[in-house]
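Asks: Below are the structure tokens for one structure; questions will follow.
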Amino acid sequence: MRPIIFTALLALPVLPALIACTDPAGEMQVMPTRADGAAFFAQNCVSCHGEDGRGAGIDSRKLSSKPVDLTTLSAQNDGAFPAARTLSYIYGDTRNSHLSRVMPEFGPDMAEDLVPVEIDGVLTPTPRELAGLLVYMESIQE
Ligand code: HEC
């Protein structure tokens with residue numbers, strides 16, 4: 001009898017862990033990290049904004065307007081990172097193409113995988129790529 005009881009007790013703490021692993025909803029809530037944002041930035045933004053985000057990317061000389069120095073977004077906004085404005089500029093306005101704008105819109109290529117992000121105090125469903133970019137861009141502010 002004794003060995004059987006012992007085995008049953010040992011198995012108990014494993015059960016919740018197994019349930020957590022197989023729960024698809026739980027999997028969706030894994031939030032993107034600074035490293036995810038940095039990887040997206042390296043692939044999509046460095047050519048214009050430069051590796052350090054200061055605007056001297058390899059393509060910046062060919063552009064009619066200069067890419068913004070992304071390390072000074074907070075400094076130019078009284079020290080607070082302008083999350084809502086920044087994210088919507090990157091995402092773009094999919095109903096209305098900006099002919100005057102040099103920077104491409106990234107919204108159409110973003111996954112439909114939305115994660116909850118607190119923007120201006122409100123939990124906002126945000127494309128996963130943008131959520132990662134937000135963490136990364138906040139981290140490079142001067
Ligand atoms: C083709 C070059 C190019 C690429 C690629 C690019 N940008 Fe830009 N970006 C610009 C230019 C130029 C501006 C200045 C405004 C304009 O003309 O669109 C700008 C402006 C911005 C702004 C300023 C918005 C504001 O509030 O003034 C942000 C933030 C930004 N870019 C972030 C990014 C991020 C993040 C990526 C990658 C996902 C990216 N950019 C990719 C060229 C680019």
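The values are calculated or read from the model by the stated rules, or taken from the named source; none is laboratory data. In this text, all values refer to a predicted model and were calculated from it rather than measured experimentally. Counting neighbours? That spans all protein chains shown, and the Cβs are built from the backbone with ideal geometry, glycine included.
Asks: Taking the condition of being surrounded by fewer than 17 Cβ atoms within 10 Å (Cβ to Cβ) and either touching a Lys or Arg at 6+ places or on another chain (Cβ under 7 Å) or among the aliphatic types (A, V, I, L, M) (or both), how many residues in the range 72-90 meet it?
Replies: Looking only at that region, the number is 3.
Asks: Let me spell it out: the conditions are (1) surrounded by 10 or more Cβ atoms within 10 Å (Cβ to Cβ); (2) modelled with pLDDT under 95, and Arg95 meets all of them except one. Which number is the exception?
Replies: (1)
Asks: Give the range 49-71 a look and list any residue that's surrounded by 12 or more Cβ atoms within 10 Å (Cβ to Cβ) and of a type outside the set (D, E, K, R), or say none.
Replies: His49, Gly50, Gly53, Gly55, Ala56, Gly57, Ser60, Leu63, Pro67, Val68, Leu70, Thr71
Asks: If you scan the range 103-130, which residues turn out to be surrounded by fewer than 17 Cβ atoms within 10 Å (Cβ to Cβ), within 11 Å of the ligand (Cβ to nearest atom) and either touching a residue at least 60 places away in the same chain (Cβ under 8 Å) or closer than 21 Å to Ala35 by Cα (or both)?
Replies: Gly107, Asp109
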